[in-house]
1. Less than 12 Å Cβ to Cβ from A:Ala164, Lys/Arg counted +1 and Asp/Glu -1: what total charge do the surrounding residues give?
2. Projecting each Cα onto the charge dipole of chain B (Lys/Arg +1, Asp/Glu -1 at the beta carbon, about the Cα centre), which of B:Asn303, B:Ala247, B:Ala468 comes out farthest on the positive side?
3. Determine the shielding of peptide A:60-69 by partner chains: average, over its residues, the number of Cβ atoms on other chains within 10 angstrom of each Cβ.
4. List, in order, the whole-Hz ³J(HN,Hα) value for each residue of the range A:49-56 obtained from phi through the Karplus relation with A = 6.51, B = -1.76, C = 1.60 and θ = phi - 60°; use x for Gly and Pro.
5. What number, in percent, do you get for the relative contact order of chain B if the mean sequence gap of Cα pairs under 8 Å and at least 6 apart is divided by its residue count?
6. Compute, for the range A:117-187, the length of the dipole vector about the Cα centre, with Cβ point charges of +1 (Lys, Arg) and -1 (Asp, Glu) only. Units Debye, rounded to 20.
7. Set Lys and Arg Cβ to +1 and Asp and Glu Cβ to -1, take the dipole of the range A:507-585 about its Cα centre, and tell me which of A:Phe533, A:Ile509, A:Val558 lies farthest positive.
8. What is the angle, in °, between the Cα long axis of helix A:111-121 and the longest principal axis of the Cα atoms in chain A? Nearest 10 is fine, range 0 to 90.
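The values are calculated or read from the model by the stated rules, or taken from the named source; none is laboratory data. Worth saying up front: this structure is predicted, and the values here are computed from it rather than measured. Cβ coordinates were reconstructed from backbone atoms using ideal geometry, including for glycine residues, and neighbour counts include every protein chain displayed. With ligands, DNA and RNA removed, areas are computed over all heavy atoms of the protein, side chains included. Shrake-Rupley method; radii C 1.70, N 1.55, O 1.52, S 1.80 Å.
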Protein chains: 2
Amino acid sequence: MRQSKILIPTQKQDPAGAEALSHKLLLRAGFIRQISAGNYAYLPLAYRVLARIKTIIREELDRTDATEMLLPTMIPAEFWKKSGRYAAYGPELFRLKNRHDTDFILGPTHEETVTELIKATVSSYKKLPLNIYQIQSKYRDEDRPRYGLLRSREFMMLDSYSFAASDEDLDQTYRAMRQAFTKIFDRIGLDYQSIIGDSGSMGGSDSMEFSAPAAVGEDTIVYSDNSEYAANLEMATNLVMNKKSHAEPQSLQVVATANCKNVADVAALLEVSTDQIIKSLLYDVDGQLVLVLLRGSQTVNENKLQNFFNADRLQLADAIETKGQVLQDGTLALPSKMVVVADEYVHGMVNGVIGAPAMAVIVNSQGAKLPNVDLTTDPIGKHYTGFNPSRDFPDLQYGDFRMVNEGDISPDGSGVLHFTKGIEVGHIFKLGTRYSTSLDATILDENGRQQPVIMGCYGIGVSRLLSAVTEQQADENGLIWPRSIAPFDVHVLPINIKDEKQRTLAEQITTNLENDGLEVLLDDRKERAGVKFADADLIGIPIRITLGKKVAEDIVEVKIRKTGETIETRVDDLKNTIDILAKNI
Amino acid sequence: MRQSKILIPTQKQDPAGAEALSHKLLLRAGFIRQISAGNYAYLPLAYRVLARIKTIIREELDRTDATEMLLPTMIPAEFWKKSGRYAAYGPELFRLKNRHDTDFILGPTHEETVTELIKATVSSYKKLPLNIYQIQSKYRDEDRPRYGLLRSREFMMLDSYSFAASDEDLDQTYRAMRQAFTKIFDRIGLDYQSIIGDSGSMGGSDSMEFSAPAAVGEDTIVYSDNSEYAANLEMATNLVMNKKSHAEPQSLQVVATANCKNVADVAALLEVSTDQIIKSLLYDVDGQLVLVLLRGSQTVNENKLQNFFNADRLQLADAIETKGQVLQDGTLALPSKMVVVADEYVHGMVNGVIGAPAMAVIVNSQGAKLPNVDLTTDPIGKHYTGFNPSRDFPDLQYGDFRMVNEGDISPDGSGVLHFTKGIEVGHIFKLGTRYSTSLDATILDENGRQQPVIMGCYGIGVSRLLSAVTEQQADENGLIWPRSIAPFDVHVLPINIKDEKQRTLAEQITTNLENDGLEVLLDDRKERAGVKFADADLIGIPIRITLGKKVAEDIVEVKIRKTGETIETRVDDLKNTIDILAKNI
């Protein structure tokens, strides 16, 4: 194909406002253009990369018996009201009405739509399992779209949905899809890790993320330096090693801490480590007030908390002192039905320190009566020492509510945890009956009983892959495409298109390579050689054939974009050279 | 591919609410499902047909040097405000806001977006001509979506946009695209006509429609029975043969016609043909009042009227009598600045009859003073006879503002006009500078002068093609797909899948044909033979191979869906039989 016929608006300068390397280079190399904040045009070169990625996805999914379809982008709001996500998804959902005032959303994902479809068309286990997918533009009204295609408002996704009558069938499809995703990312030439994912907002029991390590990544990947363990920070856990304390449990004592503003202040005042201070945080979890207790050195992991309660929404609530009400007699009247949970590390605590308002909440929630805890006294500005949760509150509910830290022991006991940044490029979920139950999608099972259909879902961020690959593989001169997804396989560059011999030979080489099944870009522009070379490096086609003065001797230069290596070859050896290179890049 | 793995929810009964044959059959055969009014899911079989159509489109467009890209679906409202279409497009535009209250629309078409793109990336004639296309879901908020994919709210379109520095380059691309569209529709196997199209709402000078004759079509195609002439009724014209009248022009006379409600009443009262009565209609054309005069036997063609004035909007206004105001002295006070135009057939009129209010408007607009026309008299309930426009108003503006009638002479003078119904499946336009001017997209020409870029646009209704093909080719048993776009090439149907010999042979035949490059659907379901046959006819794959009891003798039956013809063939002759059939269907 002739370069003069393709819109490739390369730019010499870094575009203003682009921070990430991939964003800068995809703009500079003329692959994408912003139409509005977070909405990009995929220009012909980007479109060709997308097309090759889509082909790879289709080939691998089709092997698993998944079949392609296409759902409407506009989804009736009613579907999402049934699933509860219409409210839960919040301001990231694009909402609109049709002329008859019916509410719609622009689909960020299609669990509800496809569940309604299966509900309307499949009534028996005999028609299952099924796995259907689509590759389509999706919509998310990001507050701050950034990094080009990494976080945009309109983006291209593969989304596949499986339906089964048994957990075994779901497991089998999940494994097949995991395998297919692995092949897809391998074929694309991406460096990636499969890690334990957060299934939080999607509902469901089991999930795995495919994450491409890159400095610009917004996810933190936690991995063991001595085992296969890898997880999203949101889900990462560690091996809890509660050191046995040999200290003698002391009795609860109230101390005044009026001037202490934070955990560190209390620790300093009482001359204990921050680890001995209980950090208490009050959350509103789907309307329920929840007090979370952690050791002072830990950070709460809201994602784990949300998953623990299987909640749609979670947010920090006002402090207990504000939520409660200090009565005239100095007692604290608390809102009823507060729930208390504590991180596993709190369990073995001996002689901890805890704020008096939090203590009041725990006493209330556990229905406990404790010596030395006088709820008729104004608790504000006071702490208790001698807090021994196993002794004082044996029924306290424990869980993993903390962020792991670098250096923690891997949960499999092998190695310590390290952090790295990653870009989420794929995600597979066992949804179970999260959507089929709320949307009432049932089938008759083998025994003639109605049961909710069992679902899985599987997604790949197709447009985002362009950024992920670029973050990993570009250099200071521009993009470097892996052969499998490059916009063209070979770039033919006659230095002077007005030179009859160069032009004719370039056209002949192009035709020959195209006849061999390669995609070839011929730079037929009347530009200076410097401009052509710079553009070629920027665009990043894996192999370049340069035609210069030596065409008189039937010699051309072959350059490998990735390594910069060049080979001079006779024209009649060219096919052989290209064949060998194409296999080995 | 195994039929048990694909979602094909066939139905025995005609679905409620589906009127058009194609709508009924595409639903019944499990190709599509409605998700909400006018929004359909393309299930796997429909998706496969779409994929084949898209491949044909891509192959033919790529030959013309057009290149594929993809623009965002969400278009900033600002672009459409600049072009004037944000208001003009009316309630069919889906409008939405992002979280920062910026207005967007869902693109029904992308002239503005692509013009902004070219404005931002191309500044010189040296980079032109360019032609870029996309295949994408489009959105139109139809008041009454109907006929399934024929008139839906979300539909798939090919839209291509060309940019040139000269009219010659536009002409060349336009011709190439016309040729490409012809090849595309030929390859799809559609019966279609290329007709003179309406370029109205798109702006622009020249356009051609591709229309598929079908009873359910919403367009009327006008064609000559003796020449190549064919046009959309909205644009169709005829040869004007103003018969020379030998009557003596009479003077204007006022007559009372108070009880006449319409043209026929006046004609009866005055004992003249309706053709001698002037029909006058008052329109609001972009806020300008326009009085249109036609012969009583003609019907106004609002499209021609709108194009004549190059207007965005046009609607019938209230009657002159309401618009004007009868003053106390009996005169009619008219709104100023009314414009009068007359259809060509009015030109040669001798001794016509015209309503007195219309006469008052004409006299006003032409600044004429006429004997016997007394504007100080209340004109309501009166007509004038002896209306001779060439004599009375020599400066009257004429044009073609009428609908042609069946039996009119073709504008090329050869044959008479006939009408038929058609489905618009493609449309090509010379846009000229309609959008580049309003969006200020200029380039430097060869002389270093800024000039607006010259555009063309080219569209195919991709999803609508499924309906158009079905309307033309289905029968009472179901769909009949042309080979080039069939969801599969061959349907292999073992009557009893539990029969070991049938099952094994069916699988072997499937594998062999797939290895020969054919797409094969294997009906591996444990259904009764009757169900399988009915489903096969409904789905409409061109060739069916049925395996029954004669597999014991190595004999299978090959059936051609279109003709119902069957051939018994030995398994070792099967490949040859299929090859011959595949070439000839």
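1. After counting each charged neighbour, the total is -3.
2. Of B:Asn303, B:Ala247, B:Ala468, it is B:Ala468.
3. 4
4. Each residue's phi maps through the Karplus curve to give 5, 4, 4, 5, 4, 4, 4, 4 Hz.
5. 18 percent.
6. For the range A:117-187, the charge dipole is close to 200 debye.
7. Most positive-ward Cα: A:Phe533.
8. 80 degrees
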